[in-house]
Amino acid sequence: MSERLKTALTFGASLLVLGGAWELYSVRSGVNSIILPPPSEILEALWFVIENFFGRLKYWEDTWITFYEIIFGFLVGSGTAVVVGSLVAEFKSVRRIVTPYTIALNSTPKIAVAPLFVIWFGFGAMPKILIAALICFFPVFVNTVTGLGSVEEEELELMASIRASRWQTFFRLKMPRSTPFVFAALRTAMAFAAIGAIIGEFAGASEGLGFQIEFAAARLETARLFAFLIVLSVLAYLLYSVIAFAERKIMFWAAATRSQRLQ
Amino acid sequence: MMARRFGKNRRSEPVAPETNSSRSSPGSRPPQPSGATTGPPTTYPAVRIDRVTKVYNEETAEELLAISDVTLNVEQGEVIALLGPSGCGKSTLLKMIGGLYPTTEGTISIDGVEVTEPSELTGMMFQKPVLFPWLKIVDSILLPVRVHGEKRAEHLERANELIELTGLAGFGESYPWQLSGGMQQRAAICRMLMGDPSVLLLDEPFGALDEMTREYMDVELRRIINQQNRSAILVTHNPLEAAFVADRVVVLSPRPGQIAGEVEVPIGKERPDELFASDELNVYIREARSLFERGRGEGGLPT
C-alpha cells in the first residue's frame, strides 16, 4: 500500500470518527443547530449549494468571482513583490527608499484598510483584489530579497570570472537560487490572497463566497455557512495545489540537493 | 568558429602578435606562438606578477597585509604550484591574477596585458565545483559562452569534446547532484576550458576530495593541461600535490604571504600516477616541504 493511500485512508477514518462524534453530540446534547448544526445538516446544506451551483441560485457565479479575486490579488501582490524585491536586492538606493515603506506596510494590519478601499474603489472586485494583493505582498517581498541574497561568494566569483554581466548574474544565478525562497512565500501568499478576498467581500459586496457566508450568517443559516466554508476551502486547496505542483516541477533540483547535503 | 574570442568585456589586445590565430579544439596549441609569419615571437610570460602587495581593509582598524611584495613570472606552457599554509594569501594572489580582486600595489599581466578585471585569458576553478543544481552538466559547461549571448548549439560540439576529454562521457545530461565530488570537479575543468583561456587558475580544486580521488584528479589535471597546452597556477597546501602537478613549486610564507623559495621539478611534463610513489618525486616533495615548514616555524618572514 502506498504512503499516499495510507494517509488518505487514515484521514478518511479520522473524519468519520470525528464527524460521528460531532453528530452524536449535536443530537444528544440538544444544542441549537443555529449554534452548532450536526454534520448531517451541513451535508444537506452542502447538497443544496451543489444543486444550486448551476441551478436557480447560480452559486458558481459567487465561486467564480471569489476565485478571480484571489487569483488576481495573488498575481498582482506577489508579482509586484518579486519585482520590488529584486530591485531592493540589486540596488542600494532603491533599498533605502523602499525599506521604510515596507516596514510601515508590514506594521499596518492590512485588514483595517479594507473599508478605505471600498470607499475608494466601490463594491466591485477591485477593492478585494487590492486587499488580497496587499496581504500577499509582504511574505513574497521578504523572501525574494532573502532568496536573491542567498547566493554564495564562490558562485559570484565564478560568474565574475566568466565575465558575466550583472544582468546575466541576476538571471542565471540569483534568480534560480532564490526560487526555493520565493515558492515557500508563494504558498503562504496563496492562502493570504484567499483571506484578503474574503475580507474584502465582508467589507462590502453583493456577490462572492464571502458575501454568501455573511448572508447565511445574517439569516442564522449556520449549516449553509458551513457549506460555503467547505466550498471556499476546496477552492483554496485547489489553488494551493497549483502552486505546489509548479514548485515540484520548477524546483526539481532543490529536493535532490537537500537530500545530498544531509548525507 | 571555435577559436573566436567572445565577450563584451574584451580587453585591449597586447602589442604582441596574436597567439591564438588557429586554435583547434580541444586539441593542442603551440606553447609558444610560432610567430614566424605574424612577426617577432612574443616575449611575454604567461603571467607576470610585479611587486604585488595586497592590503585588506586599508586604513581601518582591521587592516591586514595579506600579500607583501611578490614578484613572479610564469612562462608560457609552464605549470606552477603556489604552496603555502592556510591564510598565507595564496588564494588572494590567485584571485588577483584572475582579476577578481584589485592589487593594492604592483601590477599583474597575462600575456602582456595588464589585469584590471576578469579576462578571457584566464579560467578559474575553485575548491567547490560551483555547479548550479538547476543546470545539466553540459549546460554548466556551456555557461561561460552562454553568458555572452552565444548560441548553445554553436558550442555544443566543443562542450562534448571537453566532456569526452575529462572522462565525463555519458554524464552531460546528468545533474551535478547525481555526480560524485571528483566528477563534479571534472565538469568544473570543462567549464574552465570552455572559455578557451590561456592561463588556468586553480584554487585548491581538489582540496575537498578524499586522498585517493585527489591523487587521481591530480594525474588527470596534469594530463589535461598538457593535452590542452595551457599555462597553469595551482594553489595548494599539499607539498605532494604541488610537486606532482607542477614544473615549479613556489613556496609562500605565512601571512603576509611572501615568496619563501622555489623548487624546480625538472622531471618532464608527463606525470603518470606511478610517480606518486617514486624516489625521484620524493626529493622535490622533501625540498618543498622543508621550505614550507621552515617558513611556518618562523611564523613568517620579516617584513
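We did not get these values from a lab; they are worked out from the coordinates using the rules stated. Just so it is clear, the model here is predicted, and its values are computed rather than measured. Reconstructed Cβ throughout: ideal geometry from the backbone, glycine too, with neighbour counts over all protein chains shown.
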| task | With r as the distance between the Cβ atoms of A:L24 and A:L229 and R0 = 22 Å, compute the FRET efficiency 1/(1 + (r/R0)^6) and round to 0.05. | result | 0.55
| To the nearest 10 degrees, how steep is helix A:125-148 against the longest Cα principal axis of chain A, on a 0 to 90 scale? | 40
| remark: With label points set 7 Å from each Cα along the Cα-to-Cβ direction at B:D69 and B:E164, the distance between them in nm comes to 5.2
| query | How far is it, in nm, from the label point at B:Y216 to the one at A:R56 when both lie 7 Å from their Cα along the line to the Cβ? | reply | 7.8
| message | Using the Cα centre of the protein assembly as shown as origin and beta-carbon charges of +1 (Lys, Arg) and -1 (Asp, Glu), tell me which of B:V145, B:L193, A:I135 is placed farthest towards the positive end of the dipole. | response | A:I135
| said: Could you compute the net charge surrounding A:F211? Neighbours are other residues with a C-beta less than 14 Å from the C-beta of A:F211; K and R count +1, D and E count -1. | reply: -3
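Taking the Cβ-Cβ separation of A:L220 and A:T146 as r and a Förster radius of 41 Å, what is the calculated FRET efficiency to the nearest 0.05? Numbers along the way, then the final one.
On the way: r = 46 Å, r/R0 = 1.13.
It comes to 0.30.
For an R0 of 41 angstrom, estimate the FRET efficiency from the Cβ-Cβ distance between B:T116 and B:N282 and round to the nearest 0.05. Walk me through the numbers on the way to the answer.
Working: r = 42 Å, r/R0 = 1.02.
FRET efficiency, B:T116 to B:N282: 0.45.
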| task | Provide the net charge surrounding A:G77, with neighbours chosen by a C-beta distance below 15 Å and charges set as Lys +1, Arg +1, Asp -1, Glu -1. | result | +2
| request: Just name one of A:A256, A:A197, A:A218: the one whose Cα is farthest towards the positive end of the charge dipole of segment A:168-263 (beta-carbon charges, Lys/Arg +1, Asp/Glu -1). | output: A:A256
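Which value, to two decimals, describes the C-alpha radius of gyration of chain A once divided by 2.2 N^0.38 Å?
Values: Rg = 22.8 Å, N = 263, 2.2 N^0.38 = 18.3 Å.
The value comes to 1.25.
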| task | Could you tell me the distance between the Cα centroids of segment A:1-45 and segment B:113-147, to the nearest Å? | result | 59
| task | List the equivalent ellipsoid semi-axes of segment B:104-150 in whole Å, largest first, each obtained as the square root of 5λ for an eigenvalue λ of the Cα gyration tensor. | result | 28, 14, 8
| 222 nm mean residue ellipticity, helices alone, for chain A (DSSP H n ≥ 4; -39,500 (n - 2.57); rounded to 500) | -27000 deg cm²/dmol
| query | Picking from A:V49, A:V83, A:V140, which is most flexible by a Gaussian network model of chain A using Cα springs under 10 Å? | reply | A:V83
| remark: In degrees, nearest 10, the alpha-carbon axis of helix A:252-262 is tilted away from the dominant principal axis of the alpha carbons of chain A by 80
| task | Find out how many positive minus negative residues lie around B:F126, taking Lys and Arg as positive, Asp and Glu as negative, among other residues whose Cβ is under 9 Å from that of B:F126. | result | -3
| field | Distance in nm between pseudo-label sites at A:T108 and A:E3 (7 Å out along the Cβ direction from Cα) | value | 4.4
| said: I'd like the distance separating the alpha-carbon centroids of segment A:179-208 and segment A:66-88, in whole Å. | reply: 10
